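Input: a single structure, listed below in C-alpha cells.
Taken together, the values in this text are just the output of simple stated rules run on the coordinates, not laboratory data. Since this is a predicted model, take the numbers as computed values, not measurements. Note: ideal-geometry Cβ built from the backbone for every residue, glycine included; neighbour counts use all protein chains shown.
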Amino acid sequence: MSWTPPDHIGWTLWRAAHVWRTEFTAAMVAAGHEWFGQARAKLIPHIGPKGLRQSELVARSGLTKQAVQQFVDELERDGILTRVPDAVDARARRVIPTQVGLAAMQDADRIKAEIEARWREVVGTVAFAQLDSALQRLIAAGEGGGLPGQGGGGKKD
C-alpha cells in the first residue's frame with residue numbers, strides 16, 4: 001500500500017513553509033549562526049530588536065514556560081540574548097538581544113529578502129504580490145475569527 005499525500009491547501013502551505021524555513025535556516029547557519037539550526041532559534045522571531053517580557057515570549061511562541069526558560073538560558077549563555085529588569089514591572093524580566101543577537105537579526109532580514117527575491121522570480125511579481133495579499137487576508141481573518149466556522153462570518157472577494 002503506497003502513501004498518497006493529502007490533497008488540500010493546508011498540505012501545500014505546510015510544504016511551502018517547510019521549503020522556506022529549510023532554505024532560511026541553512027543560510028543562517030552558513031552566515032555563522034550555527035545555533036539557528038537548533039530548536040531554540042524559534043524564539044528569535046518573537047522577540048524583535050527591543051525585546052519583550054519573558055511571559056510574553058511564552059504566549060507568543062506557543063511553547064511551555066519551561067521550554068522558553070531553557071531556550072532563553074541557552075541563548076543567554078551563548079551571548080545572543082540577555083535578561084534585564086522590566087522598567088514598568090519590577091517583578092518582570094525583559095529578554096533582549098545582545099549585539100550578537102542583533103547582528104543575527106540583521107543577517108536574517110538580509111537572507112529573508114534574498115529568498116523573497118528568488119521566490120518572486122519564480123512566480124512573477126504580480127502573482128507574488130497576489131499570493132502575499134491573499135495570505136495576509138487569511139491570516140487576518142483567522143486571527144479575527146472571520147473564517148467560516150469560526151463565528152466571524154468569513155468574507156470573500
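Points to keep in mind about this one:
- The stretch 1-151: relative contact order in percent, alpha carbon pairs under 8 Å with at least 6 residues between: 19 percent
- Least to most buried among M1, M28 (fewest other Cβ within 10 Å first): M1, M28
- A dipole drawn for the chain from +1 and -1 charges on Cβ atoms has a positive end, and of I115, P85, M105 the residue lying farthest that way is P85.
- Scanning the chain for DSSP H helices at least 30 Å long along the axis (C-alpha atoms) with a Kyte-Doolittle mean no lower than -1.0 picks out 9-30, 99-123.
- Local electrostatic count, G51, Cβ distance below 11 Å [Lys/Arg +1, Asp/Glu -1]: +3
- Cα-based reach from K112 at 19 Å (exclusive), listing aspartates and glutamates while leaving out same-chain residues under 8 positions away: E23, E34, E121, D132
- Among H18, H46, H33, the order by Cβ neighbours within 10 angstrom, fewest to most, reads H18, H46, H33.
- Cβ crowding within 10 Å, taken as a proxy for footprinting-reagent exposure, orders I9, I44 from fewest neighbours to most as I9, I44.
- Across the stretch 38-97, C-alpha contacts under 8 Å between residues 6 or more apart give a mean separation that, scaled by the residue count, equals a relative contact order of 40 percent.
- T12/D109 FRET efficiency (R0 41 Å; Cβ-Cβ; nearest 0.05): 0.95
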